[in-house]
Every structure is written in C-alpha cells, then in structure tokens.
C-alpha cells in the first residue's frame, strides 16, 4: 500500500510538471468589451469622404416620427427580439460589439490569410497560368491569390468604403436626429453602454453592406460566407437594442450606394492588368535586362522556378494620394561589386552564419508570408488595438482604417513599381551561399515591401495616435530589419523602402489633416 | 477538460514514453513549402525503443530494472525522407529535396524500487534540406521524464504475462522556433499515459502490445497571427491536437533478459484532430500528423564488456498524413551498473 502511494505520487508529479496550465480560449481578434465612445462627432457628416462627393450624396428619406404607429411597431419588434435572445444570438451580439468595423477588418484579414497561398506546381511541376484565360472562372481554391499587393488593395477598398458609409450615416443621423432607441423607450435593454448618437440610419448597417458588396466582388468564391456575416452583423443590431428595421434599411441603402461607387472605381483602377501573362512578363524581363548593366536581374529561385513574378504591373494601379509612382520612386540600388553592395552581401553572409535566436524570432514574428494577413494586415491589427484603447466611435474608427489602408495601398503600388523598374536580385539569387529563414518571395528585391508598407503604416498611425508614435516607429523599424535578419532582403532594400513608405504615408496624412475630422 | 484528462492519463504513463512520444508524434512536419520536420521525434522514437532495452528499456516496453540498477545511453539516429504527405497525397518538394534529421540523444533509466523505473532524456537535433535556399536548423529539443510501473508479473503456462503502465512528460528544453520550416520540434509539452501488456515464453520469445494517449499543451509561435483550416487567430498560442499511439511487437530475448534482444515492431501514431497542410504551403504544428511504421530493434550486451552494451534500430514509414515518409537508422551505446543493492542485484541474476 505504502509503495502504491509512492508510485502514485511520482506519477502525479510527472503529470504536474507537464501540465502547468489549462488551455484558455485563443483570441481570434482584438479583445474588447463594448464601450462608451470618447466623442460623438456631431459634425462628422460634413467631413470629406474619400470617393463620395459629400455625405449627402446618397439620398436618404426622413424617418417616420418616433411617435408614429409605424415606429412604435418597430420598437416593439426590437423589444421582442431583444428580450428573448438565444445563447447564439447573445454570442453574436457580444462578438460584433459596438465597433463592428474592427470585426470586419478581422474578417478581411482572415480571408486574406485563407487565399494567401502561392499556386502549387502540381505533380508535373507546371504552375497554373498566372492569369486565368478569359471567359473562365478560376477554381475556388486558388482564386484570388491574396498576395501582399492584392491584399493591400483589398483593405484600402473596404476601409475607404466604410469611411464614406460612416460619413454619410453621420450626415443623416444629425440631419434627422432620430434618438437612440433607449431614449425613446427606456424598457429596451441595450446590450452595450449608452452612446447618445441618433440611430437613423444605422452606421453599422451602412458599413456592413458596403464591405459585404466590396468583399463579394474581391472574393467571389466566398460570397455566401461574407453575406452571412453581413446579415448577422445587421441582425445583431436589432438583437442588441441598437437599431430598428428602418434604421438598418436606411444604412443598407447607404452601403449599397457607396459599394457601387467603390466597385466602379475598382473595375477601372488598372488592377486587372497588374498580373501579366508569361509573354508579357518575358518582354518586361528583356527590357530590364537591357536597361540594367550594374546587376544581374531578378529571377525566381523556387524549385521548380515560377515562370512569372507576382503582379509586375501593380505599379500602374491608380493611387489614392500620391500623384504618381514616378514622383516617389527611389533612386537605383547599388551596383553589384560596389562598396555598399559588398557590405550588404557580407551582412547577409554573417547572418547566414551567426543570426541570433532573437533576430530569427523577429524574422518569424514579422514574416507575414503565405497563409497570413500580409504586412498590411499586421498594421491593421496594430491600429485596431489602438482604436479600441482610444474608445473611438465607428466614424473615427473608419477614418483611421481608411487613411491607414489607402496609404499602405499607395506604398504597395510604389514599391511594386520600384521592384519591377529595377528588377534587383534577391540575396540568395545573387550569392547562393546565402541561406534564408524562409523562402524568398516571388518578386524582385529592391525595395522591401514590408519596409514600405510599414513606413506608411507607422506614419499614418502616428498621426492619429501621436502618443504612440515612438512605438509605431519601433515596429516599423523592426518589421523592416526583420527582412534583413531573414536574409531575403538587402539592407538598402529595407532602409530605402522604409523612407519611401514614410514619405507616402505623409501624403495620406496631409489629406487627413484637411478632411474636417481633425 | 483537457487538464483533467491529462492527469487521468498521466496516472498510467511512464518514462518510456519520453521517447516514444517524441518520436512518433511529431516528427515530421512540413513547413514553408518545404516541410518541416520535427524530426527529432521520429527518429528518436525509434531509437528510444531500443534505447533502454538492454537493461531497462523504455516507457513503452515491458522490461524493468531492479532497484539500484542504472542504465545510461548515448544514441544516434539518422532519419531522411524525400517525400511527404500533404494531406493524404504523397509528394516531393523541390525546395527541400531530401530532408535529413539527425539526433544525438542522452538519457538514462533507473530502478527506484521494486517494479518502478524512472527515465529522463534530452536530444540534440540537426535538420537540413538538400535543396533550396532555406537554412537548416539545430538545437536541443524537448526534455523528457517518465516513470514506469509493473502491475502484474504472473506465470501462465510456460511463460510470464506482464502488465505495466507508464507516465511521460516532455517539455521544450530550448527556445527553438516551432514555425521554422525545418523546426526541430513542435514546441509544446506532451503528457503520455501508456499501458503495456506482454507475454514472454520461458524460451525467450515474446509478444507485446502497448498503447499511449498523448495530451498536448499549447505550442507558442514566434509570430502573433496564424490561420488554420478556415480560421484566423490573433495570437501566438496554438491549441495542439491530442494523439494516440499503439504498437505490436514480437521478438526474442535471451534468458537473462540482457544479453541479446531482437524484435520487430509495427506502430501507429494518430493525431486526434488538426488540419491538413494546404497545397505547397508549409506545415504547421497543429497539422493532423499520422504515421504507420515498421521497424526492427536489436540490443546486445557482451559478457566481456563490463556493463557496456550496443543498440541498433531501424524504421520505415509505410503510410502517413502530413508527415515525411522517413527511413531511419540509429544506434547507441549503453552502460549499466548498480548504484545500490549491489549484492541483491547480483544474486537476483
């Protein structure tokens, strides 16, 4: 018996050493509980939208009077729903919270991660054609390939559309001044803290519908999922006691109008030409080869090699803020064999041999490669945390994401223009002694996308959250240097990219400074 | 829930698992379009099986050391593969070529009291691809401790029936990066409860069946966002699927249970959850990793060697899911002596 006790104790000790903690739920997004907004921004409807001419561009009729039978019936409907929520409905109300755009950004990040998978060569070693033959619909599993250029553009469209939808909502909220439901009927149990903002139209519905339509256009193989999410978001407003059906309908009208404006732009912004076919790509290679004698031009080093780089003509996409890519294009990278090049090459070889564990961790922390939300997504997550910390209302939230993502988009087109203008080789291509922590992406080296995106991201977020400017600067620098630690970029790719990114971010900040929302 | 289960299963587990767990679970993963192996495990597990055979064995076998007996071992294992299963499709990846994982392991087993052995081990792993530009990686992997207890040793017919249980715990022993394309481990703790049943005839022929249940802790990534299946997580914490393993072994062991042993083994490892590697994507720690393997183990302790013994083992992966199709071969040197109970041990033999 005594022996058994000894044995049992030993086993328990073993168990205890192994399992020191029970598992907790792993967060899938920013963790926040619904909050009181730091401001109401009664004049928000007068701010300058990004694409709409003004918040009043969409025509929204005056709502029924709060004393009307029609409105009382709507209120009764909300009370009925609101007082008998199922557990699932309560969970949905809690999930969306009272800043739904934060969740939409996360949904977009998840879609980006899902589709961010470079095409697979298959058993024959033949990659699929980079551009689907006209008249065919690409298979769902690999369309669209949500690489960093695609993804930064996607975030820009949904967040700029959300901002315009929010401005338009604010315009009519403070034009018609239909009071928040809880003010008309004190028996409504609002699921969130009271924010005394007029309920008509519902800004959440306007945002949900504008993003739903935009995402459906960008991810045509996931329209069912996206539309379910949008319906859930709108329905949850009634469950939460936040909006009536007419509030939602008016918001939905705004969302539809805004989405049409944005989808029309997206069809004409040249993005459809960004990914070239093989023949067109080969002609770009010939031009680059003739133009640059100071370096061996870039080629893909995967095995088997990918025949076409990612979006060689993304630089031709219409910018949001910069006048054109040529204006912000940096000068050429160093010639191979120059002193600067030799120093950069030596650094690559040094990190190949002697990168510290901490440097490798930084490389992986910022890797943001396949199956992730890309660097732009990383900056959205950083922004979302600050937004909820600052208790921003939906309009201010949309404003931050709109400028952040349009700036990051312009950083993307500028960087891609630079990449395919100079066609500079990746370190491991130039010197096969160089080893990397993960695979070199399928586009030229100079400048670094991470660095350019991060410079722009830090510039914009520092404008909106000046108290955190040093932190954003540190993040941007670390994101930039992570590519050196990973040995997939030369130091000059990163340093120049970071500077250009800051410069581009400044264009967006200059626009924000005069949009009325400062 | 999981914690509760883990404790429950730990009641049965023993040290031997250390090895077994490491090996089987992990060990092949693919990452970054290349595959990642947490190869140590695969290799090691095979090794481990024989590692302690001579005197005391592993948490997964039916051999016990007497109180005071100590067996230390240094093992080496080489595992290589040029194909892996992406989901259930067996493919090659030109960016990896042939993946090789080498393990040097150090460990010991000690007889504590009658019917109870304890084990500990620590492997050093070196992984590298033959092609592509992604660096290999190396380092100390996971520390394992285990305890094994014999519940039953009964004469039945012209042989003995034995029943044992063991509890094993493993923990990462260095801060290796689990999402490295060639990571050396899964970056999570593992607790294994194991039950072993064996019958050995008086002539030395034996048959053994054993099974283990693995309760795995969370894996911690370097990065703060990841996507599995259909869901994104804004965290560096990965919920790892639990797993089971089972094996059947037949073999021959000389009568004193230590001079010579040869056995053939069929083993299966199954993750209880996880997801498939997406096309040409790199592997992820919480992929569903399954493997079916066959192997053979030998150990020899020459009379003249003054306590030293030799181990040799090999294994081949017949089928799998999200693991490398490995072939491994390993060996080791063991050294046996009595720390206490010297006379008693001698007389027992």
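Things worth noting here:
- All positions within region A:112-130 that are surrounded by 17 or more Cβ atoms within 10 Å (Cβ to Cβ) and more than 9 Å from chain B (Cβ to nearest Cβ): A:115, A:127, A:130
- Among (1) without any contact (Cβ under 8 Å) to a residue 60 or more places away in the chain; (2) over 21 Å from residue B:312 (Cα atoms); (3) part of a strand (DSSP E or B), the one test that residue B:149 misses: (1)
- Test result for residue A:285, at pLDDT 95 or above and more than 22 Å from residue A:432 (Cβ to Cβ): no
- Exactly one residue out of A:447, A:418, A:437 is under 30 Å from residue B:178 (Cα atoms) and either free of Cβ contacts under 8 Å to residues at least 12 places away in the same chain or away from chain B (no Cβ under 14 Å) (or both): that is A:447.
- Condition broken by residue A:342, with the remaining ones in (1) surrounded by fewer than 18 Cβ atoms within 10 Å (Cβ to Cβ); (2) in contact (Cβ under 8 Å) with a residue 60 or more places away in the chain; (3) away from chain B (no Cβ under 12 Å) satisfied: (2)
- When residue A:169 is tested against (1) closer than 26 Å to residue A:259 by Cβ; (2) within 21 Å of the chain's Cα centre (by Cα), only condition (2) is not met.
- Some residue of region B:111-124 being more than 23 Å from residue A:122 (Cα to Cα) and assigned to a loop (DSSP other than H, G, I, E, B): yes
- Scanning region B:125-141 for residues that are in a strand (DSSP E or B) and within 11 Å of chain A (Cβ to nearest Cβ) yields a total of 5.
Here is a yes/no grid of residues against (1) in contact with a helix residue (DSSP H, G or I) (Cβ under 6 Å, 6 or more places away or on another chain); (2) part of a helix (DSSP H, G or I); (3) at pLDDT 95 or above:
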{"residue": "A:213", "(1), (2), (3)": "yes, yes, yes"}
{"residue": "A:216", "(1), (2), (3)": "yes, yes, yes"}
{"residue": "A:221", "(1), (2), (3)": "yes, yes, no"}
{"residue": "A:225", "(1), (2), (3)": "no, yes, yes"}
{"residue": "A:230", "(1), (2), (3)": "yes, yes, yes"}
{"residue": "A:249", "(1), (2), (3)": "no, yes, yes"}
{"residue": "A:253", "(1), (2), (3)": "no, yes, yes"}
{"residue": "A:259", "(1), (2), (3)": "yes, yes, yes"}
{"residue": "A:265", "(1), (2), (3)": "no, yes, yes"}
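- Taken over region B:317-349, residues that are crowded, with 16+ Cβ neighbours inside 10 Å and at pLDDT 90 or above amount to 16.
- Criterion (under 20 Å from residue A:171 (Cβ atoms) and at pLDDT 95 or above) met by exactly one of A:66, A:78, A:93: A:66
- When residues of region A:353-385 are limited to those that are facing another protein chain (nearest Cβ under 7 Å) and over 30 Å from residue A:158 (Cβ atoms), the one surrounded by the most Cβ atoms within 10 Å (Cβ to Cβ): A:360
- The numbered conditions (1) under 17 Å from residue A:310 (Cβ atoms); (2) within 11 Å of another protein chain (Cβ to nearest Cβ); (3) at pLDDT below 95 are all true for residue A:141 except (1).
- Filtering region B:150-175 to residues that are surrounded by fewer than 24 Cβ atoms within 10 Å (Cβ to Cβ) and within 12 Å of chain A (Cβ to nearest Cβ) leaves B:150, B:151, B:165, B:171, B:172, B:174, B:175.
- Considering each residue of region B:276-283 in turn, none proves to be touching a helix residue (DSSP H, G or I) at 6+ places or on another chain (Cβ under 8 Å), more than 12 Å from chain A (Cβ to nearest Cβ) and crowded, with 18+ Cβ neighbours inside 10 Å.
The values are calculated or read from the model by the stated rules, or taken from the named source; none is laboratory data. All values reported here derive from a predicted model rather than from experimental measurement. When we count neighbours, we look across all protein chains shown, and the Cβ atoms used for this are built from the backbone with ideal geometry, even at glycine.
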